[in-house]
């Protein structure tokens, strides 16, 4: 039987799309007034003085409106009005950081502000330099036989000299961005003192789509001030958002019942891969690099000689896992595979020779950059865990040859052959919990499709839609707790209490915000931490709400799961760095359990064991940090090192504040 040819990508909700278009058109009409034009021109002049001669008609972008003010001396300034506030805040910090740390030409920012700070009442804004240019790189690549209304596609007859010249400039931009290393995943934010750091959530285009096209409440997305400490945490969150979009999009989400099953199973499989850390390639040791989702030829400005003079639209740029930078760039042909004539296989045939050309010029650019550095400066590109020189072309070539990047399209590399090409061959790879949620999900989607309407979910309705009765475990468990252990009847409330209350208290006590994410993600991946979390949830809720929980059942439940946690932990310790992390995390959770059970004497034992396991690995990290220090690098090292020092910090906090921890775990009296 021939496999089905079906993409598991979702169509957009056409009703929501039409509504958004109508709202955008209405907003644009409100801006198309003479009085507004004068106000905009005066506002630009306030922050970029000069003798103005013309305010050009506005240009509408995908997420903003752009006004250009031309001056008598031939220069121009511009104001861009994006939405929401969050984007302009991140974009301004990113543009300033790129301008300060690379030679990539970006517009100079004169002033920016939130909607509340806009005296014209037009929303968030950015007043910046206008870069004079002839056209975009996309137009230079484009097939001249296409009509102006056709989407761009690489000219099949482009000369190799022209192709190399244009590819070379993009390669240089990618190289410079990939040299910017950060200690965590997230968006850049500039504080009042002008210091720029990774302090916001990674803002993706998909987040905009979820809010605009599904009616989902923003509470389902990561908190705005939440960067991520590890790639596994971020990959898990990305796959969660894909599931959220699938569930809450009212219209056009699925074609039929089998399509609903295909989409559900595909997203759960990749959710599991992410939570298990299997999506992290070897490249993950290279830390986190600045990555722009919207970096493509249409956002690169060139002059008459085809030289790059500006790179614009940085609103979806953030510090991301290095693998994002190592993926072969899709834009070499200007079109995604699904839009290429003949589909994916024809796209691959056309792509491979262009990729070879790109890799060749990328290697040339690397050699040029390397020759401009002295020996000491070249140490800046040492990876923390390996004594090798970071090479973007090498990593990109490895990604292409290993087909690691193809997980966006194919799954056989993880799950084996699938001759039928649908969900049936993959059901056994899901947890029982996820399998149990499949048919309720299909019914939910079919009910949605029967009634075409626009829906705006409130936070309460969204949580109710996700949450099962305490006696069952349908969709919420498959979304929030995908892989470590299935939640049984009566366990959900304990895990939810741990997730909502206890995990946050770890961050407060240990004085590191990332601890909440580290703890929660650990319970999703490791059975030992899963059982420990259930024990803590039961004991803590018993202490804080003594009238709700009966003492003896809660203690019996917690001791049973504590014993299971110890048993699972013993089977996982093999001396590897990952098992060291697991052991230390378990020590933290086990300490909390001991205090809640009033067994203080065993805390020191847990801490001493954790310290001894961390000692060797931290010594190796210190050696790597010394290399970075001698190289003069201001960038923090990769996620593995950061994570280990967070663990060490936790050990120090616990051992030096035993009294405080005891008070922390004993805030409420035990009901006798």
Checklist entry - Just wondering, is there one or more residues in segment 143-166 that are part of a helix (DSSP H, G or I), closer than 28 Å to residue 68 by Cα and at pLDDT 95 or above? => result yes
Next on the checklist: With surrounded by fewer than 22 Cβ atoms within 10 Å (Cβ to Cβ) and assigned to a strand (DSSP E or B) as the only criterion, which of 110, 97 stands out?
Outcome noted: 110
Checklist entry - Out of the residues in segment 56-94 that are assigned to a helix (DSSP H, G or I) and in contact with a strand residue (DSSP E or B) (Cβ under 6 Å, 6 or more places away or on another chain), which is modelled with the lowest pLDDT? => result 88
Item to check | Selected residue (only one of 133, 152, 111 is more than 20 Å from residue 297 (Cβ to Cβ) and in contact (Cβ under 8 Å) with a residue 60 or more places away in the chain) | outcome: 111
Checklist entry - All but one of (1) in contact (Cβ under 8 Å) with a residue 40 or more places away in the chain; (2) farther than 30 Å from residue 34 by Cβ hold for residue 144; which doesn't? => result (1)
Checklist entry - Which one of these is in a loop (DSSP other than H, G, I, E, B) and at pLDDT 70 or above: 572, 499, 560? => result 572
Next on the checklist: Which numbered condition in (1) surrounded by 19 or more Cβ atoms within 10 Å (Cβ to Cβ); (2) more than 20 Å from residue 132 (Cβ to Cβ) is the only one that residue 31 fails?
Outcome noted: (1)
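Right, residue 202: touching a helix residue (DSSP H, G or I) at 6+ places or on another chain (Cβ under 9 Å), assigned to a loop (DSSP other than H, G, I, E, B) and closer than 21 Å to residue 315 by Cα or not?
Numbers: touching a helix residue (DSSP H, G or I) at 6+ places or on another chain (Cβ under 9 Å): yes; assigned to a loop (DSSP other than H, G, I, E, B): yes; closer than 21 Å to residue 315 by Cα: yes.
Considered against the rule, which asks whether it is touching a helix residue (DSSP H, G or I) at 6+ places or on another chain (Cβ under 9 Å), assigned to a loop (DSSP other than H, G, I, E, B) and closer than 21 Å to residue 315 by Cα, residue 202 comes out as yes.
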Next on the checklist: For the structure I just gave you, tell me whether residue 104 is part of a helix (DSSP H, G or I) and at pLDDT 90 or above.
Outcome noted: no
Next on the checklist: Which numbered condition in (1) surrounded by fewer than 17 Cβ atoms within 10 Å (Cβ to Cβ); (2) at pLDDT below 85 is the only one that residue 353 fails?
Outcome noted: (2)
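The values are calculated or read from the model by the stated rules, or taken from the named source; none is laboratory data. Fair warning: this is a prediction, and the values are worked out from it, not measured in the lab. Neighbour counts are summed over all protein chains in view; Cβ atoms, including those assigned to glycine, are modelled from backbone coordinates with ideal geometry.
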